[in-house]
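Everything below concerns the one structure shown next.
The values are calculated or read from the model by the stated rules, or taken from the named source; none is laboratory data. Keep in mind that what you see is a predicted model, and the values were worked out from it rather than measured. Cβ sites come from the backbone with ideal geometry, for glycine too, and all protein chains shown count toward neighbours. For the accessible areas, the whole protein counts, side chains as well, though only heavy atoms, and no ligand, DNA or RNA atoms are used. Shrake-Rupley method; radii C 1.70, N 1.55, O 1.52, S 1.80 Å.
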Amino acid sequence: MSQAIVIGGDLCVNRLGYGAMRLSGQGIWGDPADRDEAKRVLRRAVELGVNFIDTADAYGPATNESLIADALHPYPPGLVIATKGGIVRPSPERWDADGRPEHLRAACEASLRRLRVERIDLYQLHTIDPRVPLEDSLGEIARLQREGKIRHVGVSNFDADELARARRIVPVVSVQNRYNVSDRSSDPVLAICERDGLAFIPWSPLTQSPRDAGSGARGRLEAWAERRGVTFAQAAIAWLLARSPAMLPIPGTSLLRHLEENVAAATMSLTAEEMSMIG
């Protein structure tokens, strides 16, 4: 992979990462059905040049981070493991925000133990807890950063106004929001990332939600993929990489062949004319 992005001024990673969420069990709950295969996927991702892996304590919950450590620790030089805190999972169906400072501190310290690191390279607030002032949530993360437990701070599921508030509390180096060829509601946030040198990490990059199915742009990208003889997943990744230099896609899969297909998409390119045609 030749394309790279610098996060926080000092973390240079290839511009196609890997999202480890799908390596959890059904419903993103518990361990994967085949733990050894999941570890092979992680190791193969690194072999293919992926050096940015995204996870969260909510995946499993807690099992996803441990799986990464089991597969890859001691980590090779240059591998960045990003994780998130601020969501709890009382049951497989629930993803509840918890931005209380005491929870975030405990969550961060538990992630450090599971990942077997002394400092987390990129720690992201997973979502805003409407019951807790953002200043309290991110204020605690800023304290953890000052204590040396976090290298850089990111946020997830933030709009432009919320991002501006966050940046008044702590230096923010990345934003992880839903974004794909069908859902560009975070374009204002992407524009800020481009302007100020923040990484934009799109989740749901492959437009898998039924709400995306009717998009005209998706249909045009599907037609482009058919003409090029590539999968739609590859086309979706290539489109994201062409969309903005701030983009750091993290497609996830539990299958080796899909991983290899996804990584191959980093070598594809769309012309300005093709991007304009897709819209």
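Things worth noting here:
- Here the 3J(HN,Hα) profile of the range 55-61, calculated from phi with Karplus coefficients 6.51, -1.76 and 1.60 at θ = phi - 60°, is 9, 6, 5, 6, 7, x, x Hz, Gly and Pro shown as x.
- Contact order relative to length of the range 56-117, as percent, for alpha carbon pairs under 8 angstrom and 6 or more apart: 39 percent
- About the Cα centre, charge dipole magnitude for the chain (Lys/Arg +1, Asp/Glu -1 at Cβ), debye: 220 debye
- Summarising the strand pairing of the chain, around 20 percent of its internal DSSP beta bridges are antiparallel.
- For the chain, the longest principal axis of the Cα atoms and the long axis of helix 187-196 meet at an angle of about 70 degrees.
- Here the Gaussian network model covers the chain, with springs between Cα atoms less than 10 Å apart; of Gln234, Gln26, Gln176, Gln26 fluctuates the most.
- A Gaussian network model of the chain, with springs between Cα atoms under 10 Å, assigns the largest mean-square fluctuation among Thr55, Thr63, Thr267 to Thr267.
- The residues of the range 30-138 have, on average, 41 Å² of accessible surface per residue, using a 1.4 Å probe with all protein chains present.
- Helix axis angle, 160-169 relative to the chain longest principal axis, alpha carbon, degrees: 40 degrees
- Within the listed set Ile169, Ile68, Ile250, the Gaussian network model of the chain (springs between alpha-carbon atoms below 10 Å) gives the highest mean-square fluctuation for Ile169.
- Cα centroid separation, the range 43-105 to the range 219-279 (Å): 25 Å
- Within the accessible area of the range 53-142 (1.4 Å probe), percent carbon and sulfur: 53 percent
- Normalised by the number of residues in the range 3-72, the average gap of Cα pairs under 8 Å and 6 or more apart makes the relative contact order 35 percent.
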